[in-house]
Structure formats: C-alpha cells, structure tokens
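In what follows, a single structure is set out as structure tokens and then discussed.
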Amino acid sequence: MKHQHTMVHAREQAGENTRNRARLLISCPDRAGIVAAVSRFLYEHEANIVQSDQYTLDPEGGMFFMRIEFDMAGLEQRLPQMEEDFRVIAEEFKMEWRFSRVSQKKRLAIFVSKEDHCLVELLWQWQAGDLDADIAMVVSNHPDMREYVESFGIPYVHIPVTPDNKPEAARLQLEAVEGKADLIILARYMQIIPPEFIERYPNRIINIHHSFLPAFIGGKPYQQAYVRGVKLIGATAHYVTEELDGGPIIEQDVERVTHRADVNELKRMGRTIERVVLARAVHWHIEDRILVHQNKTVVFS
C-alpha cells in the first residue's frame, strides 16, 4: 500500500510539472514559411517552445512534418481559443494538425490472450512511473491473468471468443472500451481485430508481431524460423489496419541467432524483443511522437 501511495504521489508531482505544457503536431505540403508562421503564432500567444522537431520528405513538393512542445501559462483555460485561432494558419498551409495537453494522459486498454510477457512489461513500466498514461483496463479472451492484473488495481474484462460468438464478442469488447480508452494495445492478443474496431480507432490500435515483417506469418513462427535456420529474429510494432499485419510500422528490432539456438531459445529471445519493441511504440504514441502518412510513420523519437 505504501508503494502505491508513493507511485500516486510521483504521478501527481509529474502532472503538476506538466500542467501548462502542450504539444502541436502538424502534417502539410512543404513550402516556405511554415516554421516562421507557427513560431510567430506561438510567440504571439505567449507560448514558450521547449522542444521542436521537423522533417520533410522532399523540399520540392513533398510533405512536411512537425512536432512542437511548448509551455503557456493558463494552458487549460486558453487552449480552446488558441485552437480556434490556429485554424487560420492551418487553412493557409493546408495542415492536418492537433494540439494535446501533456497533463491529459491517454487511457490505455490492453488486450491479451495467454502469453503474458508484453502485458507484464507494460504493467511494470506503468507501476514504475515510466509509462505516462492511465491503464483503463485489460481485456482478455482467457481468465488466466485476472488475479495478476487486479493486483495492480486495474479492471480485468474477460470476454471469451469462440468460432461461434465472434460478432457478439466484438460487440462486448467495443462496449467495454467505448469512452474509456484512447489507445488499444494488442499485447500478444491472438484474435483477428474486426473492421468495426479499426474504423472506431484509426491509427490507435498497436499490435506487436512476432517477427521481422513480413516473414513467418501465421502459426508457430519460431518453429518456422528454426526450420529455415534464420540468422536474425525480430519483432515489429505497427498500427492495425484491415490488411492483416500490413499497417504502418512504428518500430522494429532484431537479434542475431547462431546455429546453436533451438526453438525454445528462439522463443526466449523473441519474447525479449517483443516486450522492448512494443513498449517503445506505446511510449512514442502516448508522447505524440508519431505522425502517419499513407502507410508509413514519421517517429520523432
């Protein structure tokens, strides 16, 4: 109990430090004057830029991407008017844009089946205060991890999924997360996500795939890798789209394999990479570091 009180106090202190901090994300066709216009706008609204990142696909007619963090006194009261004022610049430069308050933490719904390594990593980082988000719930098609998850004080929603009840299960899952989650994380959730979910949460569902995509799709990936004698294994975190494992890639990592590694060793190595890659992707999303363009991402990590 003392540990939980310490954790809550640390989060409250962090929230106080970021109370007047916001982020602005911009995507637009590249042209002269964008940075000057945005900087002038923030200056005129008495905002102080604390971090700025930008990237252009091609200075001659390509896309321009920008992420800015800034502090502004009285942010919560002033931000709605600031957003309204920004529309003039946004229209002039044909921007896709959004402001977000750092203190307004994103709410996570973590979906899991029976493998717990990715879930455990996220819960541990959250408990340590390293994951600046609120975990609204864990949703699972199995009851196995209820006791463990509830020991963190996090609601556990068990919705069985069978070949016969998939539409009903999807409806119950949507009801469970509706209005309570900003991001859905598939932490080795072994079911296909239905289209109605993807429509409701575009670029807000992150999956971890058990290989360096697109290799070894389907069942028993590490057995496939072992049979092929691979020299690298990896993991891929990506946003979920209706194309199975074909959404915008956020992060990937690999580890070298020698001929001495058996299937169990490959699985052990794979679990470690999956945990790290998924956690990175979640961190970058909740910190508004990812901009999606077509089927690619720009990540200001």
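For the reader, a short list of remarks on this structure follows.
- Enumerated strands (runs of 3 or more DSSP E) restricted to the stretch 104-207, each holding at least 1 residues that are more than 20 Å from residue 275 (Cβ to Cβ): 107-112, 134-140, 156-158
- Verdict on residue 225 being open to solvent by less than 50 Å² (accessible area, probe 1.4 Å) and either in a loop (DSSP other than H, G, I, E, B) or in contact (Cβ under 8 Å) with a residue 60 or more places away in the chain (or both): no
- Residues (touching a strand residue (DSSP E or B) at 6+ places or on another chain (Cβ under 8 Å) and either outside any strand (DSSP E or B) or farther than 25 Å from residue 205 by Cα (or both)) located in the stretch 251-271: 255, 256, 257, 266, 269, 270
- Residue satisfying condition, being in contact (Cβ under 8 Å) with a residue 40 or more places away in the chain, out of contact with any Asp or Glu (no Cβ under 9 Å at 6 or more places or on another chain), open to solvent by less than 80 Å² (accessible area, probe 1.4 Å) and not β-branched (Val, Ile, Thr), within set 203, 165, 207: 203
- Filter result for residue 64 (at pLDDT 95 or above and over 18 Å from residue 85 (Cα atoms)): yes
- Only one of 110, 26 that is in contact (Cβ under 8 Å) with a residue 60 or more places away in the chain and closer than 30 Å to residue 159 by Cα: 110
- Qualifying residue in the stretch 29-43 (condition: assigned to a loop (DSSP other than H, G, I, E, B), under 15 Å from residue 102 (Cβ atoms), out of contact with any Phe, Trp or Tyr (no Cβ under 8 Å at 6 or more places or on another chain) and not assigned by the TED database to the domain that holds residue 134): no
- Scanning the stretch 228-249 for residues that are among the hydrophobic types (A, V, I, L, M, F, W, C) and buried (at least 21 other Cβ atoms within 10 Å of the Cβ) yields 233, 235, 237, 240.
- Among the conditions (1) crowded, with 18+ Cβ neighbours inside 10 Å; (2) within 27 Å of residue 36 (Cα to Cα), the only one that residue 108 does not satisfy is (2).
- Within the stretch 111-150, the residues that satisfy the criterion of being open to solvent by 50 Å² or more (accessible area, probe 1.4 Å) and more than 17 Å from the chain's Cα centre (by Cα) are 114, 115, 116, 127, 128, 142, 143, 144, 146, 147, 148, 150.
- Of the residues in the stretch 250-267, at least one is within 25 Å of residue 68 (Cβ to Cβ) and either surrounded by 18 or more Cβ atoms within 10 Å (Cβ to Cβ) or modelled with pLDDT of 95 or more (or both).
- Residues of the stretch 87-103 that turn out to be assigned to a strand (DSSP E or B) and either closer than 22 Å to residue 156 by Cα or open to solvent by less than 60 Å² (accessible area, probe 1.4 Å) (or both), as a count: 3
- Residue within the stretch 63-74 that is acidic (Asp, Glu), farther than 19 Å from residue 299 by Cα, assigned to a loop (DSSP other than H, G, I, E, B) and without any contact (Cβ under 8 Å) to a residue 60 or more places away in the chain present: no
The values are calculated or read from the model by the stated rules, or taken from the named source; none is laboratory data. Because the structure is predicted, anything quoted here is derived from the model rather than measured. Glycine gets a Cβ as well: all are built from the backbone with ideal geometry, and neighbour counts include every protein chain shown. Keep in mind that these areas ignore ligands, DNA and RNA; they rest on the heavy atoms of the full protein, side chains included. Shrake-Rupley method; radii C 1.70, N 1.55, O 1.52, S 1.80 Å.
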